[in-house]
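Chemist: Questions regarding the structure given below will be posed in turn.
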Amino acid sequence: MSRDDLIQLEGVVARVLGRGIVEVECDDNVTVRGVLCGRMKKRRIKVIKGDRVQVRVSPYDTSHGIITWRLR
């Protein structure tokens, strides 16, 4: 599966679980547990509760995803 096959969602960080894992409540009332992408870890971009983020999830398992962008 390529990056183009992933579903792109936006939402607000509900909880920070530690070690780069957060729970995101998406705009369509879906809760996704996501991990920070490698680029965000490398650049030490912090994600805290209340931040708006962009999450990419697999169409096969929509409960897990990768946080690719922190929005303003």
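The values are calculated or read from the model by the stated rules, or taken from the named source; none is laboratory data. Here the structure is a predicted model, which means the values were calculated and not measured. Every residue, glycine among them, receives a Cβ derived from its backbone with ideal geometry; neighbour counts consider all protein chains shown.
Chemist: Does V35 satisfy being assigned to a strand (DSSP E or B) and in contact (Cβ under 8 Å) with a residue 40 or more places away in the chain? Even if it seems obvious, please write down each step before you answer.
Modeler: On the way: assigned to a strand (DSSP E or B): yes; in contact (Cβ under 8 Å) with a residue 40 or more places away in the chain: no.
Taking the combined requirement at face value, the residue does not satisfy it.
Chemist: Could you pull out the residue among V16, V24 that is under 8 Å from the mean Cα position of the chain (by Cα), β-branched (V, I, T) and either modelled with pLDDT under 95 or in a strand (DSSP E or B) (or both)?
Modeler: Just a single option satisfies the conditions, and that option is V24.
Chemist: Could you please tell me which pairs satisfy a Cβ distance under 6 Å, a separation of 6+ or placement on different chains, a first residue in the range 49-67 that is over 11 Å from L36 (Cβ atoms) and modelled with pLDDT of 95 or more, and a second residue that is surrounded by 14 or more Cβ atoms within 10 Å (Cβ to Cβ) and among the polar types (S, T, N, Q)?
Modeler: So the pair list comes out as Q54/T68; R56/T68.
Chemist: Just wondering, is there one or more residues in the range 39-60 that are among the aliphatic types (A, V, I, L, M), closer than 26 Å to S2 by Cβ and in a loop (DSSP other than H, G, I, E, B)?
Modeler: Yes.
Chemist: Give me the pairs, please: first residue somewhere in the range 17-28 and farther than 17 Å from R70 by Cβ, second residue anywhere and surrounded by 11 or more Cβ atoms within 10 Å (Cβ to Cβ) and among the hydrophobic types (A, V, I, L, M, F, W, C), beta-carbon distance under 8 Å, and either six or more positions apart or on two chains.
Modeler: Cβ pairs passing all conditions: D28/L9.
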